[in-house]
Amino acid sequence: MDIDTVKSYKYLGVHLNDSLDWSDNTNALVKKGNSRLFLLRRLRSFGVQGPLLRTFYDSVVASAIFYGIVCWASSITDRDRRRMDRLDTLTALGSSFSERLLHPRCVKESYTLTEDFLHWIYWSPKPPRVRGVS
């Protein structure tokens, strides 16, 4: 059975590449974020204000930019971090990317994933059987 070698692969919405850095993922997020920020600017140009813009930002823009953040945020390059900061601060609605990384919920989730080896992300397709646990 032959296994094809690829330079980049998208798995569950996260881009992985053969050098195991997050540059492909950051490029995809910046592109997606810019297109969604365009929609936000269009809404603003039509006179939409306040809470509705914030709701749109949180549900459409931020959800795309911060998807999978606990997986890739701790190991991106400074250049990619600056690109993400720039993307997120283009609106007055969002805090910077770096500030979101330090949000207590994000920090707590990161620690949970790194310390809990029974967490589902460590399981193989068939979870290992732990003695004494049914």
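The table that follows gives values for the structure above.
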read-out: Scope segment 1-48; condition on the phi > 0 side of the Ramachandran plot and modelled with pLDDT of 85 or more; matching residues; value: LEU12, GLY13, GLY47
read-out: Subset tally (residues that are surrounded by 15 or more Cβ atoms within 10 Å (Cβ to Cβ) and touching a helix residue (DSSP H, G or I) at 6+ places or on another chain (Cβ under 8 Å)) for segment 26-35; value: 5
read-out: Neighbours by Cβ (under 7 Å, 6+ apart or cross-chain): first from segment 56-80, part of a loop (DSSP other than H, G, I, E, B); second of a type in the set (Ser, Thr, Tyr); value: ILE76/THR26
read-out: Qualifying residue in segment 43-53 (condition: free of Cβ contacts under 8 Å to residues at least 40 places away in the same chain, in a loop (DSSP other than H, G, I, E, B) and in contact with an Asp or Glu (Cβ under 8 Å, 6 or more places away or on another chain)); value: no
read-out: Where a residue in segment 4-23 is in a strand (DSSP E or B) and its partner, wherever it lies, is surrounded by 15 or more Cβ atoms within 10 Å (Cβ to Cβ) and acidic (Asp, Glu), with Cβ under 8 Å and at least six apart; value: SER8/ASP24; HIS15/ASP24; LEU16/ASP24; ASN17/ASP24
read-out: Unique residue being surrounded by fewer than 16 Cβ atoms within 10 Å (Cβ to Cβ) and among the small types (Gly, Ala, Ser) when the list is SER23, SER45; value: SER45
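The values are calculated or read from the model by the stated rules, or taken from the named source; none is laboratory data. Quick caveat: nothing in here was measured; it's all calculated off a predicted structure. Counting neighbours? That spans all protein chains shown, and the Cβs are built from the backbone with ideal geometry, glycine included.
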